[in-house]
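The values are calculated or read from the model by the stated rules, or taken from the named source; none is laboratory data. It should be emphasised that the depicted structure is a prediction, and the values quoted were computed from it without experimental measurement. Neighbour counts run over all protein chains shown; Cβ positions are idealised from the backbone, glycine included.
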Amino acid sequence: MQINQILVPTDFSENAQHALDYAIGLAKQCSAKLHLLHTPVVPTYLLMDLSYSPGPEAVTRILNDSQEALDAQAKSIDDAGIEHFAAIREGTVHEVIRDYAKEHDVDLVVVGTHGRTGVSKLMYGSVTERVIKTVHTPIIVVPPGGHDKSPSCIVISYDFSGPAKRAAEVARAIHGMVGGSLHLVHSYLDVWGEYTDRGAVVGEAAEKRREALRLGLQEMLEADAEELFSIDPASIQTHLVTGDPAEGILEVAKKVAATLICAGTTGKSGIERLLIGSVARRLLHDSQVPLLLTH
């Protein structure tokens with residue numbers, strides 16, 4: 001795949017500006033076009049168990065203010081010399097983003113997040129999570145402080161599942177334009193580890209099986225790395241980690257100074273799209289660098 005069209009939904013907040021700054025940098029590196037999209041929120045007021053919406057004049061004022069703010073953000077894209085489009089669409093935010101992305105063949109959506117104190121709100125039922133669950137397009141979530149990180153060192157959480165392979169494909173596309181290094185990380189359960197000190201016979205047998213499992217997984221990982229990337233082997237490294245998957249991925253990311261983490265939203269457990277898988281959820285909560293998620 002190629003990154004030709006990047007969509008940035010905006011609510012004009014500081015977090016949305018971070019996402020836009022990141023997207024501008026990425027668009028320059030990928031020679032992509034940018035789409036800036038705003039969905040205005042018309043407040044509804046409750047009075048005596050009845051709901052009231054603002055009148056036509058108030059709605060017009062909201063739309064005019066939105067257009068002014070959108071024009072200001074669009075100017076920053078224009079100043080960067082990037083071809084762009086700006087639109088205001090009314091409706092439910094995550095549905096508007098989904099439909100716009102499909103209509104314009106968007107390759108990547110870039111959104112911002114709140115800081116750690118606001119992540120729990122973001123994670124459980126917020127607009128961002130609904131966007132992640134609804135939009136079929138790969139999404140990069142930019143945390144505070146992550147907007148100035150070029151994706152030149154990419155860590156891919158890889159469990160051999162379809163979503164993980166799709167995350168690797170997007171990583172390959174970005175790497176092809178940006179360059180840098182790639183790290184393919186697989187986390188597995190060390191089922192034989194607890195038996196290695198259970199006496200000579202059991203311990204020796206367990207150690208053999210433990211090593212066989214590690215070697216088998218390493219062979220599978222290297223084979224998939226070659227198949228998925230078909231690039232100079234020196235530019236991609238494979239990592240096997242045991243224990244908590246999210247912690248292992250984050251440890252590797254910290255060790256190699258990753259500037260982008262890629263993962264599937266769900267893995268081999270078969271969790272439906274109605275949910276975000278536990279590993280992706282942990283990464284979304286704890287990653288201090290931009291996180292790319294795919295279905």
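Laid out as a table, the results:
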read-out	value
Residues that are surrounded by fewer than 22 Cβ atoms within 10 Å (Cβ to Cβ) and over 19 Å from Lys255 (Cα atoms), drawn from segment 138-147	Pro144, His147
Long-range neighbours under 6 Å by Cβ, at least six apart or interchain, first residue over 13 Å from Tyr188 (Cα atoms) within segment 201-216, second surrounded by 15 or more Cβ atoms within 10 Å (Cβ to Cβ)	Val202/Tyr195; Gly203/Thr196; Ala206/Trp192; Ala206/Tyr195; Ala206/Thr196; Glu207/Thr196; Arg209/Trp192
Number of the exception - Glu90 against (1) within 30 Å of Arg281 (Cβ to Cβ); (2) in contact with a helix residue (DSSP H, G or I) (Cβ under 9 Å, 6 or more places away or on another chain); (3) at pLDDT below 95; (4) not hydrophobic (A, V, I, L, M, F, W, C)	(1)
Top-ranked residue of segment 256-274 - restricted to ones that are within 24 Å of Leu189 (Cα to Cα) and among the polar types (S, T, N, Q), ranked as modelled with the highest pLDDT	Thr265
Every residue from segment 234-250 that is in a helix (DSSP H, G or I) and surrounded by 16 or more Cβ atoms within 10 Å (Cβ to Cβ)	Pro245, Ala246, Gly248, Ile249, Leu250
Selection within segment 159-214 - among the hydroxyl-bearing types (Ser, Thr, Tyr) and either at pLDDT 95 or above or outside any loop (DSSP other than H, G, I, E, B) (or both)	Ser181, Ser187, Tyr188, Tyr195
Residue list for segment 65-75, restricted to those being modelled with pLDDT under 95 and under 25 Å from the mean Cα position of the chain (by Cα)	none
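Conditions (1) modelled with pLDDT under 90; (2) among the polar types (S, T, N, Q); (3) under 23 Å from Pro143 (Cα atoms); (4) not in a loop (DSSP other than H, G, I, E, B), marked per residue:
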{"position": "Ala19", "(1), (2), (3), (4)": "no, no, yes, yes"}
{"position": "Ile24", "(1), (2), (3), (4)": "no, no, yes, yes"}
{"position": "Ala27", "(1), (2), (3), (4)": "no, no, yes, yes"}
{"position": "Leu36", "(1), (2), (3), (4)": "no, no, yes, yes"}
{"position": "Pro54", "(1), (2), (3), (4)": "yes, no, no, no"}
{"position": "Leu63", "(1), (2), (3), (4)": "yes, no, no, yes"}
{"position": "Asp78", "(1), (2), (3), (4)": "no, no, no, yes"}
{"position": "Glu95", "(1), (2), (3), (4)": "no, no, yes, yes"}
{"position": "Arg98", "(1), (2), (3), (4)": "no, no, yes, yes"}
